[in-house]
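To keep things clear, I will list the structure first and then write my remarks on it.
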Amino acid sequence: MSYFVNEKGYYGDFGGAYIPEMLYPNVEELRQNYLKIIEDESFQKEFHQLLKDYVGRPSPLYLAKRLSKKYNANIFLKREDLNHTGAHKINNTIGQILLAERLGKKRIIAETGAGQHGVATATVCALRGLECVVYMGEVDIKRQAPNVARMKMLGAKVVPATSGSKTLKDATNEAMRDWINNPVDTHYIIGSVVGPHPYPDMVAIFQSIISEETKKQLIEQTGNDQPDYVLACVGGGSNAMGMFYHFIEDEKVKLIAVEAGGKGIDSGFSAATTALGKEGVLHGSRSILMQTPDGQVVEPHSVSAGLDYPGIGPQHAHLFKTGRGLYVSITDDESLQAGLLLTQMEGIIPAIESAHALAYLEKMTFTGKENVVVCLSGRGDKDMDTYMKYFNL
Ligand SMILES: *Cc1c(COP(=O)(O)O)cnc(C)c1O
């Protein structure tokens, strides 16, 4: 059994490209070219050069000594929070902008919810001098003023989506409409391992640098590139897929994916997709998503904007269904407490998304020998308002 995509664009029962006919030429152009371009030597050279000199890679693998003592295991943190722009998302946008250039595209579009992917996209467009249009729900524009300002300062045009609930899914519809109308000169940068094939595979390949580096760093630090556990939070699932990628076929390494439980799985305010969801089609691929019995997408909730998504990427759905990965959830309260704990024990303020992965350590038991890697997907600067309100700082 394979855990990776097949020629038809599927991971077991999941994946594919469920798109309107008008989008077919764009997606097909990408499908036919993405592997050829990515595997090309000049692409690899330029990609790795930018990851090194612009993003600041390799990101450190840090043995958190005080946390290790507390949990009775060797807890390693993969420091994606130290990347330029503060999270793992830049790995993917660098990859996609280089790919867009090689496809001859002059214009980039993206959609964003919390604004983090919009900022990562606007950043690489400024870097390469490409036109950038970011679609964002009108409600989200009001909620995420600092990120809107960042995108504008970086030269992007932020276009409000004014239909429906005026949030992420409406922004996605607007971006799709734009791409249909501008098939020749425009590339659509999707920010996670979601969307029609080949996006989930392409984004996973760009993010796989996380586990590629981790294996080398584990050899240097422990003499063994095989940890007992790797943990990561899951919104759409891109930092998790990057963290899992080079460990997937090594069944001795246990993969733990942490979803946002919100106020609790049964509270009606949750984003715990595998616990609450059913199989269906979302954003162009077959996966698992939160939906009503008649197939309407359920509005998710999480204290962390990056995990506030009603689905997961198709490869995650496959890892879940086959049992290769363990999918669990952590509540808003548990994640905020874990964020405070890391801050006070290691001097690192994590993104609340990443704090979900850290919080799951509380629910595990160790013998003192295990090597555990947690993907610290981003830094907490953007979350200070939430931390301040919650802890009365
Ligand atoms: C966007 C984001 C996430 C969630 O996205 P994935 O595609 O699931 O990785 C997690 N952590 C941080 C810091 C983010 O910005």
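Looking at L319, L326, just one residue is under 21 Å from I256 (Cβ atoms), assigned to a strand (DSSP E or B) and in the same structural domain as Y245 (by the TED database), and that residue is L326. Might you check whether a residue that is within 16 Å of the ligand (Cβ to nearest atom), part of a helix (DSSP H, G or I), surrounded by 20 or more Cβ atoms within 10 Å (Cβ to Cβ) and touching a residue at least 24 places away in the same chain (Cβ under 8 Å) occurs anywhere in segment 211-227? Yes, there is a match, as at least one residue in segment 211-227 is within 16 Å of the ligand (Cβ to nearest atom), part of a helix (DSSP H, G or I), surrounded by 20 or more Cβ atoms within 10 Å (Cβ to Cβ) and touching a residue at least 24 places away in the same chain (Cβ under 8 Å).
Among strands (runs of 3 or more DSSP E) entirely within segment 228-283, having at least 1 residues that are of a type in the set (S, T, Y) and either over 16 Å from F320 (Cα atoms) or away from the ligand (no atom under 11 Å from the Cβ) (or both) singles out 229-233.
The set of residues from segment 166-177 being assigned to a helix (DSSP H, G or I) and crowded, with 18+ Cβ neighbours inside 10 Å comprises L168, K169, D170, A171, T172, E174, A175, M176.
Looking only at segment 366-393, how many residues end up being touching a residue at least 12 places away in the same chain (Cβ under 8 Å) and assigned to a loop (DSSP other than H, G, I, E, B)? Result for segment 366-393: 7.
The numbered conditions (1) at pLDDT below 95; (2) within 16 Å of the ligand (Cβ to nearest atom) are all true for M176 except (2). For segment 101-121, the count of residues that are assigned to a loop (DSSP other than H, G, I, E, B) and of a type in the set (D, E, K, R) is at least one.
Here's the yes/no breakdown for (1) closer than 24 Å to S302 by Cβ; (2) more than 12 Å from the chain's Cα centre (by Cα):
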position: Q207; (1), (2): yes, no
position: E220; (1), (2): no, yes
position: V230; (1), (2): yes, yes
position: N239; (1), (2): yes, no
position: M243; (1), (2): yes, no
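Go through segment 1-42 and count every residue that is closer than 18 Å to G242 by Cβ, among the aromatic types (F, W, Y) and in a helix (DSSP H, G or I). Result for segment 1-42: 1.
All conditions but one from (1) in contact (Cβ under 8 Å) with a residue 12 or more places away in the chain; (2) away from the ligand (no atom under 16 Å from the Cβ) apply to K89; the one that does not is (2). Report whether or not A120 is touching a residue at least 12 places away in the same chain (Cβ under 8 Å), within 16 Å of L154 (Cβ to Cβ), within 13 Å of the ligand (Cβ to nearest atom) and assigned by the TED database to the domain that holds V148. So A120 passes the test.
Scanning segment 342-364 for residues that are outside any helix (DSSP H, G or I) and without any contact (Cβ under 8 Å) to a residue 12 or more places away in the chain yields one hit, G347.
Yes/no per residue for (1) away from the ligand (no atom under 16 Å from the Cβ); (2) of a type in the set (S, T, N, Q); (3) at pLDDT below 95; (4) buried (at least 24 other Cβ atoms within 10 Å of the Cβ):
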site: S287; (1), (2), (3), (4): no, yes, no, yes
site: I312; (1), (2), (3), (4): no, no, no, yes
site: H316; (1), (2), (3), (4): no, no, no, yes
site: I348; (1), (2), (3), (4): no, no, no, no
site: I352; (1), (2), (3), (4): no, no, no, yes
site: G368; (1), (2), (3), (4): yes, no, no, no
site: V372; (1), (2), (3), (4): yes, no, no, no
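The values are calculated or read from the model by the stated rules, or taken from the named source; none is laboratory data. As the structure is a computational prediction, the values presented were derived from the model and not from experiment. Cβ sites come from the backbone with ideal geometry, for glycine too, and all protein chains shown count toward neighbours.
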